[in-house]
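This report concerns only the one structure given below.
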Amino acid sequence: VMDNGHGMFMPFVAAYLVHEQLRSDPVAGERASAAGFAFVILGLAMLALDTGIRSELLAAVGLVLILPGLSLLLLGAQRTRLLALPLLIAAMMLPIPAGFIAKLHLVLRHMTAVVVEQLVPLVGPAISREGTLLYLPKTLVSVADACSGFGTLYASVATALILSQLVRTPRRRFILLAACVPIALVTNWV
């Protein structure tokens, strides 16, 4: 939950963005693309494989992979390109496996510990740091994975992607996407 609490909202957000994008699409009529079968077959194979493995993540990835396949089959390649960002947002409902982000967690934990070591003396007691351990006068605080800021960072990127779909000017879209990472990091440090 700390890394992907926003995941349960992503299908609804993606569906809304797909609806809005298709509503504003001036092209009428279906132009199916057979390339969608590749996505659907691969996604179904992942679902079938996961019935034996029972990882649940493989099945979830398979379901998300089926989405662009269905879009290609039902709407065609041109409309599927228009839906690229909502399809990416739908993929953000999946949690990232811990093995893929362990090093990022460690880097974020160290950054948080270093910054907090500098900030706390400005408003409170003296503090010292050893790795990701913070020593306060009467207590010891460990900057754990939950405190690394990864959850905030992931949710911030997801929110920025959603909002960038709603912003129409490229300049504002760029500013929004560029600002999401620094804002998430500073928010976590504070």
Could you check, for the range 126-134, whether at least one of its residues is basic (Lys, Arg), in contact with a Gly (Cβ under 9 Å, 6 or more places away or on another chain), outside any loop (DSSP other than H, G, I, E, B) and surrounded by 14 or more Cβ atoms within 10 Å (Cβ to Cβ)? no
Condition check for Gly62: under 30 Å from Ser148 (Cβ atoms), within 20 Å of the chain's Cα centre (by Cα) and at pLDDT below 85: no
Taking the range 85-102, which residues are open to solvent by 40 Å² or more (accessible area, probe 1.4 Å), part of a helix (DSSP H, G or I) and more than 16 Å from Phe12 (Cα to Cα)? Ala98, Gly99, Phe100, Ala102
Could you check Ala155 against (1) over 24 Å from Leu83 (Cβ atoms); (2) buried (at least 16 other Cβ atoms within 10 Å of the Cβ) and say which number it fails? (1)
From the list His105, His110, exactly one residue is assigned to a helix (DSSP H, G or I), in contact (Cβ under 8 Å) with a residue 12 or more places away in the chain and either in contact with a Gly (Cβ under 6 Å, 6 or more places away or on another chain) or open to solvent by 60 Å² or more (accessible area, probe 1.4 Å) (or both). Which is it? His110
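The values are calculated or read from the model by the stated rules, or taken from the named source; none is laboratory data. Remember, it's a predicted structure, so these values are computed and weren't measured experimentally. Please note: Cβ atoms are built from the backbone with ideal geometry, for glycine as well, and neighbour counts cover all protein chains shown. The area values use the complete protein model at the heavy-atom level, side chains included, leaving out ligands, DNA and RNA. Shrake-Rupley method; radii C 1.70, N 1.55, O 1.52, S 1.80 Å.
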